[in-house]
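Undergrad: One structure coming up, written as structure tokens, with questions to follow.
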């Protein structure tokens, strides 16, 4: 029952990060947000509150939106993890990213990685959620700048496009 | 509290033995969202209990059996006779619903927890395994902190919740400032309605009490009264007028009592409005 992969008190774990299999050493008490930022340069994962209230640290694990500030690093061993670094690109942004830009929904930008990942998680499961479902899915992401209207306009534009595209 | 080590057992038996071996130093963890609120200063060894087959929802005919490591997000889907979707949808934020487990919400009960209140009203039993396998009625389970029922080596395996029968309804209501905020009041009610009158009720309240409580005085008082919000509210106010509630932050005694009584009324009335019409 001892950890087979313990090295100097740290445990070796493997997982898939943005489509790539990776490994790292984590201590039992290390938070996932710190592992992602320090070991994998995933600086999109923001530490807004460190207590699970703001959603800025949202990532996707096995298709589900979760808060990396409340997870220990070892909790994602063998799982499929996505951060904003793996979503879209400068030349080919994800529809949610493009919609946020098109609608002027980004001010300071701090909340945006979490917003994109929460939206992506729900839209991957259901491309045409109704308003209640979408609002419910975004209830864990706070924004101090925009007042949410333009973010909402961006998200509904993506849903409308999905609906028109027959999804 | 700091986690000094973690273990990942591959079977329930191994997990139980490990927890027994570790004693007070061991801490079973599934979602782990409550770790943030644990105030013990002692270092713990985390024992990962996910992947041991403790998740899933089974329909056993007259009751549902819900595995302790079932994610709250999985409880949001509606099924026949299933009402815990009401509670799951109102719990915290979308991310937390995908991380937290029903077992985690009821093994260490925080005042703001959703499921203890709902389960007290719905009635059912908690299945504990390990040193001895046993079923504990929710009335006993939530009498005090449930942790007192667990020895090192014990785990919560599942909860068994009775399905609603015909003319029974369930209502769950909570008052909270933001989705991620702590509940100020939570209330749940299972009611049986016949001819537009409340025949029977189980009512529970939390957040405004130290630990979730059944309100047997309210249960007795609402028997026989018409399904009418004002009538129910009048009875609730009268039945609870001498109760002392934990004060809501920055609010006084009168406002707290008014809010609690309103939320209790809402839960009972919502239950009456959402009756199971099928046998």
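Any read-out appearing in this document is the output of simple, stated calculations on the displayed coordinates, not a laboratory observation. Computed from a predicted model, the values in this text were never measured in an experiment. So basically every Cβ, Gly included, is an ideal-geometry build from the backbone, and we count neighbours across all protein chains shown.
Undergrad: So how do A:32-38, B:80-86 stack up, highest first, on mean other-Cβ count within 10 Å? Could the numbers behind the result be given before it?
TA: On the way: A:32-38: 20.6, B:80-86: 18.7.
So the peptides A:32-38, B:80-86, ranked by packing, come out A:32-38, B:80-86.
Undergrad: So, one more: Which order, highest average first, do B:16-22, B:175-181, A:60-66 follow once you tally other Cβ atoms within 10 Å for each residue and take the mean per peptide? Display every interim value, and only then the final one.
TA: Values: B:16-22: 18.7, B:175-181: 15.9, A:60-66: 20.4.
Ranking the peptides B:16-22, B:175-181, A:60-66 by packing returns A:60-66, B:16-22, B:175-181.
Undergrad: Report, in degrees rounded to the nearest 10, the 0 to 90 angle that the Cα long axis of helix A:112-125 makes with the longest principal axis of chain A.
TA: For A:112-125 against chain A, the angle is about 80 degrees.
Undergrad: What is the mean number of Cβ atoms from other protein chains located within 10 Å of the Cβ atom of each residue in peptide B:95-103, rounded to a whole number? Show your work: numbers first, answer last.
TA: Numbers: counts 19, 9, 6, 10, 9, 2, 0, 0, 0.
Counting other chains' Cβ atoms within 10 Å and averaging over B:95-103 gives 6.
Undergrad: May I ask you to derive the relative contact order of segment B:12-92, considering only C-alpha pairs under 8 Å and at least 6 residues apart, and to give it as an integer percent? List each step's numbers first, then the result.
TA: Values: 73 pairs, mean separation 16.2, N = 81.
Rounded, it is 20 percent for segment B:12-92.
Undergrad: Another question about this same structure. When only C-alpha pairs under 8 Å and at least 6 residues apart count, what is the relative contact order of chain B, in percent? It would help to have the intermediate numbers written out before the result.
TA: Numbers: 612 pairs, mean separation 46.8, N = 279.
In percent, rounded to a whole number, it is 17.
Undergrad: Can you give the average number of partner chain beta-carbon atoms within 10 Å of each beta-carbon in peptide B:42-55, as a whole number?
TA: Numbers: counts 0, 2, 2, 1, 5, 1, 4, 0, 1, 1, 0, 0, 0, 0.
Going residue by residue through B:42-55 and averaging, the value is 1.
Undergrad: Sort chain B into rounded, prolate or oblate with this rule: let a ≥ b ≥ c be the square roots of the eigenvalues of the Cα gyration tensor; rounded if a/c is under 1.5, and if a/c is not under 1.5, prolate when a/b is larger than b/c, oblate otherwise.
TA: Details: a/c = 2.18, a/b = 1.56, b/c = 1.40.
Prolate, since a/c reaches 1.5 and a/b exceeds b/c.
Undergrad: Under the definition of Cα pairs under 8 Å and six or more residues apart, what whole-number percent is the relative contact order of chain A?
TA: 22 percent.
Undergrad: Now for a different question. Where does helix A:149-164 land angle-wise versus the long Cα axis of chain A, in degrees 0 to 90, nearest 10?
TA: Helix A:149-164 sits at roughly 80 degrees to that axis.
Undergrad: Given N residues in segment B:111-167, what is its alpha carbon radius of gyration divided by 2.2 N^0.38 Å? Can you show the working numbers first?
TA: On the way: Rg = 12.2 Å, N = 57, 2.2 N^0.38 = 10.2 Å.
Its radius of gyration relative to the 2.2 N^0.38 Å reference: 1.19.
Undergrad: From the Cα gyration tensor of segment B:16-127, with a ≥ b ≥ c the square roots of its eigenvalues, which class applies: rounded if a/c is under 1.5, or else prolate if a/b is larger than b/c, or else oblate? Before the final figure, lay out the partial values.
TA: Working: a/c = 2.00, a/b = 1.55, b/c = 1.29.
Cα axes put segment B:16-127 in the prolate bin.
Undergrad: Where a ≥ b ≥ c are the square roots of the eigenvalues of the C-alpha gyration tensor, would you call the protein assembly as shown rounded, which needs a/c under 1.5, or, failing that, prolate if a/b is larger than b/c, or oblate?
TA: On the way: a/c = 1.89, a/b = 1.27, b/c = 1.49.
Oblate shape, in that a/c is at least 1.5 and b/c is the bigger or equal ratio.
Undergrad: Just checking the output field for B:3-9: average partner chain Cβ neighbours within 10 Å of each residue's Cβ?
TA: On the way: counts 6, 4, 9, 11, 6, 6, 1.
Averaged over the peptide's residues, the number is 6.
Undergrad: Output the 0 to 90 degree angle, nearest 10, between the alpha-carbon long axis of helix B:229-240 and the longest principal axis computed from the alpha carbons of chain B.
TA: With rounding to tens, the tilt is 70 degrees.
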